[in-house]
Amino acid sequence: MTKKSRMFRRAAAVLAAAAVAATLGVQPAQAISTNKDKKFLVVYNNNIENLAGCDGNYAKFIAYLKKQKKSPDIFAVQQISNAKQLATFTKRLSDELPGSYKGIIAVSNPGSMGYTSGCKVKKNQQTNAIIYRTGRLTPEKTVKWRSLAPYHYADGPCQELYGSYKSSQDRVVNVAVRFHDNVAGKDVTVAAVHWPTNTWSGPRCAAQNMRATNSVVEKLGGKVKIVAGDMNARKGEAGWWTKARTTYKYRDVVWDSACAPKTKTKKANTCPDSTSTNGDRRIDYLLTKGGHTTTNVATISNAAVGGKYSGHQALRAYVKY
């Protein structure tokens, strides 16, 4: 059989399969594309656990992204190791997804966490970053700041920890960027945050960290403001979540889509297990304000991805202007 004959037979087979699918009412899979709609941004958030491979296989999540209708415009990440790992990761996203990606990191070369054995050695450096699609967004201004934690852990005042505490707290250096959306013609501010863990009694300072985060985001401005991160605090701890919603006027997109009461007369719901992001805890959040509603909200489970990809479940939303 000649090469031309083989090509003809393959083409005929493809057409026949399409005809069968049409007869059965099956639509062919839609290829992923970049978001060209000026009305919204495609936003993801995830603690990627240093891409160390100890908490799953992150290639599975990239494969999941490739099956979606639209590639990310913004991808806020926590616990990335350093600028080198960020550059490697953004190159992979650029190579495997439509669009080109760059990232802005909080600390280029974080200090060591001091781990000496096991998988934790791969997590000695930790910080946060905002990945963005360059064809859609242009960075205008960047602000970085350190989250607060109790000085003497359980009973000390909330403050920035330096000195002997500094290296092990580089993972709580946050980054916020005001971007210009070249499609919508509007500005949007995005913050990627990682607040201190229970080891540092971090949830005690959650309200102060929300206040500091809001202050940075408000100063940067923008039509829409997005706070994405691993807060290491449940919504009921230290009153931070209530302040975020009532005082600072943020929407918790997962709460609004999956947990909130559907009518005024119905009592407040609790969030279903499917919205937990770290074991049985919901400690990762996507908060927005300044725009309209969000759609396509999801807490992306291991089952949805086809296997464990991180110790945290990613969040997604289409954030409307």
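The values are calculated or read from the model by the stated rules, or taken from the named source; none is laboratory data. Bear in mind the structure is a predicted one, so any value in this text is a computation, not a measurement. A quick note on method: Cβ atoms are made from the backbone with ideal geometry, for glycine too, and the neighbour counts reach across all protein chains shown. Side chains included, ligands, DNA and RNA excluded: accessible areas come from the protein's heavy atoms. Shrake-Rupley method; radii C 1.70, N 1.55, O 1.52, S 1.80 Å.
Taking the residues in the range 201-220 that are of a type outside the set (A, V, I, L, M, F, W, C) and under 17 Å from residue 236 (Cβ atoms) as candidates, determine which candidate is surrounded by the most Cβ atoms within 10 Å (Cβ to Cβ).
Per the criteria, the residue is 209.
Within the set of pairs 6+ apart or on separate chains, which have a first residue in the range 47-67 that is more than 24 Å from residue 108 (Cβ to Cβ), a second that is assigned to a helix (DSSP H, G or I) and of a type in the set (Asp, Glu), and C-beta atoms under 7 Å apart?
Listed by first residue and then by second, the contacts come to 66/96.
Exactly one of these conditions fails for residue 195: (1) without any contact (Cβ under 8 Å) to a residue 60 or more places away in the chain; (2) out of contact with any Lys or Arg (no Cβ under 9 Å at 6 or more places or on another chain); (3) open to solvent by 20 Å² or more (accessible area, probe 1.4 Å). Give me its number.
(3)
Answer yes or no as to whether residue 115 is buried (at least 17 other Cβ atoms within 10 Å of the Cβ), at negative phi, hydroxyl-bearing (Ser, Thr, Tyr) and not in a helix (DSSP H, G or I).
Taking the combined requirement at face value, the residue does not satisfy it.
Spot the failing condition for residue 304; the list is (1) at pLDDT 95 or above; (2) open to solvent by 40 Å² or more (accessible area, probe 1.4 Å); (3) of a type in the set (Gly, Ala, Ser); (4) part of a loop (DSSP other than H, G, I, E, B), and only one is missed.
Going through (1) at pLDDT 95 or above; (2) open to solvent by 40 Å² or more (accessible area, probe 1.4 Å); (3) of a type in the set (Gly, Ala, Ser); (4) part of a loop (DSSP other than H, G, I, E, B) one by one, residue 304 breaks only (4).
Would you call residue 53 part of a loop (DSSP other than H, G, I, E, B), open to solvent by 30 Å² or more (accessible area, probe 1.4 Å) and closer than 26 Å to residue 283 by Cβ?
Details: part of a loop (DSSP other than H, G, I, E, B): yes; open to solvent by 30 Å² or more (accessible area, probe 1.4 Å): yes; closer than 26 Å to residue 283 by Cβ: yes.
So residue 53 passes the test.
In the range 119-135, which residues are open to solvent by less than 60 Å² (accessible area, probe 1.4 Å) and not basic (Lys, Arg)?
Scanning the range 119-135 gives 119, 124, 125, 126, 127, 128, 129, 130, 131, 132, 134, 135.
When only residues in the range 146-173 that are open to solvent by 10 Å² or more (accessible area, probe 1.4 Å) and in a helix (DSSP H, G or I) count, which is modelled with the lowest pLDDT?
167
Of all the residues that make up the range 68-91, how many are more than 22 Å from residue 298 (Cβ to Cβ) and assigned to a helix (DSSP H, G or I)?
Counting residues in the range 68-91 that are more than 22 Å from residue 298 (Cβ to Cβ) and assigned to a helix (DSSP H, G or I) gives 8.
Going through the range 189-212 one residue at a time, which ones are part of a helix (DSSP H, G or I) and not basic (Lys, Arg)?
Here is the first cut: in the range 189-212, the ones part of a helix (DSSP H, G or I) are 198-200, 202-212.
Within the range 189-212, 198, 199, 200, 202, 203, 205, 206, 207, 208, 209, 210, 212 meet the criteria.
Filter the range 32-48 down to the residues that are open to solvent by 20 Å² or more (accessible area, probe 1.4 Å) and either basic (Lys, Arg) or over 23 Å from residue 292 (Cα atoms) (or both) and list them by number.
32, 33, 36, 38, 39 - these are the residues of the range 32-48 that are open to solvent by 20 Å² or more (accessible area, probe 1.4 Å) and either basic (Lys, Arg) or over 23 Å from residue 292 (Cα atoms) (or both).
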